[in-house]
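> Quick one: this structure, given as C-alpha cells, is what I'll be asking you about.
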Amino acid sequence: MNRKTKSAALVTAITLASGAVLADNLPRGIPDPSSTTAGTLSDKRPDMAPPSIIFGAYDPHGDFGDDPNSSIEHLFLPWEDVDLSTLSLADDYALQRGRSLLISVEPWSWDRDWRVSSQELLNGILSGSYDANVAAVCSEVAGLTSPVTIRFAQEMDEEDNQFSWAQWSGPEYIEVYRRFVTECRNYLPNAQFMWSPKGNANLQDYYPGDDVVDVIGLSVFGYQPYDQAIAGSDQTFAERLMPGYTLVDDYGKPIMVAELGYEGDQTYVRQWAQSVTRRHAEFPDLTAVVYFNDGEVYPWPDNFGFPNWRVVQETTN
C-alpha cells in the first residue's frame, strides 16, 4: 500500500453526540516521500558550510527529503481530533534518513468550531478531563523508533492571542505544562521535553522549572518588509535571536530555534541563509535550528499578511 493510500485509509470520522461528523486531522509535517522538489536548487536553503550547528525542518513538501544535512523532522499535531496512527509514516521517513523527530503538541482542536474557550480548556486540563488525550498522544509516540523531542504548547508568551494557552497567566501555564510532562513521562520516560516560548520580554513568567525542561526552543523569523517598516532597517538573524536567547540562556539548557523562517529580496535572503546555521560566538548554547518550510499559517501583525517561508517556489502553468 503506498503512502497516499495508507494515509487515506487511516483517516477516520468521529460521530459526535450532536450528530455532526468531524474528520480526524493528520499531523502536519509528514513529508511527501515522492516529492519532485527534494533536489531543487535554491538560494534560500541554509548554507551548511562547516562548521555548522544541527539543522532540521518542518517540511510537508519534502523539499529537504534528499538533503543529507537535515537531521530533524518537525511535526505539528493537536491532541484531539487527530489520527495518531499516521505518526508511523513520519517515523519511517525519519528512520530512512537517520533523523530524529521534533513533535509540537498543541492542546486543542484544529477545528475552530469545536474549540472551547481558553478558560474552559484550562479548567478541563487541571481537572483531568484531558488526561486521556495526553495518554493517547504519548503512548502512540512511545511506539515510534526514532529519537523524539516533545514540544508542548509553544509560544505561550505571544501577544496576538492566536493560541488559547497564550491567554493564560504564567502560573496557570506552568501548572498545565508540568501536568502534561508528568503524565507523558508515564509513557515516554526517555523522551526529551522542550519548553518553547516565542522569545518575548515576558517569557520568563512562563518557565516551568528545570526538572520538566530538557531543551529550550525559540521562534525566529525575518521578514524584510516588516523589518523595514517596524525596525527601520533590515534585521539579521543574530539581531532577531539575541533578545530571546539572552532571556533563556541563564537556565543552562541547550537552546534551539524550533521555528525559523526568512523572506525578502535576494540580498536579504542570502544574508540569512549564510548565517542561520553558522556557529556564533555570542550564542554558545545554540545547538540547532529547525526551518519552517511552508507558507505562514497565521497573518502577521499590522497587515503584513502571510509570508512564504518555503525554500522552493512552486511553479504554476
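> Identify all residues within the range 226-239 that are surrounded by 15 or more Cβ atoms within 10 Å (Cβ to Cβ) and touching a residue at least 60 places away in the same chain (Cβ under 8 Å); write none if there are none.
Hit for the range 226-239 is Tyr226, nothing else.
> Which residues, counting only those in the range 240-271, are crowded, with 21+ Cβ neighbours inside 10 Å and of a type in the set (A, V, I, L, M, F, W, C)?
Correct list: Leu241, Val248, Ile255, Met256, Val257, Ala258, Leu260.
> List every residue pair whose Cβ atoms lie under 7 Å apart, where the two residues are 6 or more positions apart in sequence or sit on different chains, the first residue falls within the range 116-127 and is within 15 Å of Pro78 (Cα to Cα), and the second residue, located anywhere, is among the β-branched types (Val, Ile, Thr) and surrounded by 13 or more Cβ atoms within 10 Å (Cβ to Cβ).
Ile125/Val176
> Here is a follow-up. Suppose we keep only residues that are aromatic (Phe, Trp, Tyr) and buried (at least 18 other Cβ atoms within 10 Å of the Cβ) within the range 176-189. Which one would you say is nearest to Val134 (Cα to Cα)? Write out each step before concluding.
Applying the first criterion (aromatic (Phe, Trp, Tyr)) to the range 176-189 yields 177, 180, 187.
This time we only want the ones that are buried (at least 18 other Cβ atoms within 10 Å of the Cβ), so: 177, 180.
Numbers: Tyr177: 11, Phe180: 7 Å.
Only one residue fits best here, namely Phe180.
> Taking the range 58-71, which residues are in a strand (DSSP E or B), polar (S, T, N, Q) and touching a Ser or Thr at 6+ places or on another chain (Cβ under 9 Å)?
Of the range 58-71, the ones in a strand (DSSP E or B) are 58, 70-71.
With polar (S, T, N, Q) added as a condition, the list becomes 70-71.
Residue satisfying the conditions is Ser71 alone.
> Looking at the range 122-149, which of its residues are aliphatic (A, V, I, L, M), in contact with a Ser or Thr (Cβ under 8 Å, 6 or more places away or on another chain) and either within 12 Å of Gln192 (Cα to Cα) or buried (at least 21 other Cβ atoms within 10 Å of the Cβ) (or both)?
Result: Val148, single match.
> Mind listing just one residue for me: the one in the range 80-121 that is in a helix (DSSP H, G or I) and among the charged types (D, E, K, R) and, of those, surrounded by the most Cβ atoms within 10 Å (Cβ to Cβ)? Even if it seems obvious, please write down each step before you answer.
Within the range 80-121, the subset in a helix (DSSP H, G or I) is 84-97, 112-114, 118-121.
Filter once more, so that each one left must be among the charged types (D, E, K, R): 91-92, 97, 112-113, 120.
Details: Asp91: 20, Asp92: 16, Arg97: 18, Arg112: 7, Asp113: 7, Glu120: 12.
For the range 80-121, the residue satisfying everything is Asp91.
> Gln192: modelled with pLDDT of 95 or more, exposed (fewer than 15 other Cβ atoms within 10 Å of the Cβ) and either of a type outside the set (Asp, Glu) or in contact with a Ser or Thr (Cβ under 6 Å, 6 or more places away or on another chain) (or both), yes or no? Full working, then the answer.
On the way: modelled with pLDDT of 95 or more: yes; exposed (fewer than 15 other Cβ atoms within 10 Å of the Cβ): no; either of a type outside the set (Asp, Glu) or in contact with a Ser or Thr (Cβ under 6 Å, 6 or more places away or on another chain) (or both): yes.
No, not satisfied.
> Name every residue in the range 195-216 that is surrounded by fewer than 18 Cβ atoms within 10 Å (Cβ to Cβ) and among the charged types (D, E, K, R), in order of residue number.
Asp205, Asp210, Asp211, Asp214
> I'd like to verify a number: residues in the range 150-175 that are more than 17 Å from the chain's Cα centre (by Cα), surrounded by 15 or more Cβ atoms within 10 Å (Cβ to Cβ) and assigned to a helix (DSSP H, G or I), how many?
Looking only at that region, the number is 6.
> Next up: Tell me the strands (runs of 3 or more DSSP E) entirely within the range 188-293 that contain at least 1 residues that are within 30 Å of Glu314 (Cα to Cα) and acidic (Asp, Glu). Spell out how you get there, then give the answer.
Working: elements: 192-195, 215-223, 255-263, 286-292.
By residue number, 255-263.
> Need the failing condition index for Asn69 against (1) surrounded by fewer than 18 Cβ atoms within 10 Å (Cβ to Cβ); (2) under 18 Å from Ala153 (Cβ atoms), just the number.
Going through (1) surrounded by fewer than 18 Cβ atoms within 10 Å (Cβ to Cβ); (2) under 18 Å from Ala153 (Cβ atoms) one by one, Asn69 breaks only (2).
> Out of curiosity, is Phe55 touching a residue at least 60 places away in the same chain (Cβ under 8 Å), within 21 Å of Val312 (Cβ to Cβ), among the aromatic types (Phe, Trp, Tyr) and assigned to a loop (DSSP other than H, G, I, E, B)?
Numbers: touching a residue at least 60 places away in the same chain (Cβ under 8 Å): yes; within 21 Å of Val312 (Cβ to Cβ): yes; among the aromatic types (Phe, Trp, Tyr): yes; assigned to a loop (DSSP other than H, G, I, E, B): no.
No.
The values are calculated or read from the model by the stated rules, or taken from the named source; none is laboratory data. All values reported here derive from a predicted model rather than from experimental measurement. Note that each Cβ is placed from the backbone with ideal geometry, even for glycine, and that neighbours are counted across all protein chains shown.
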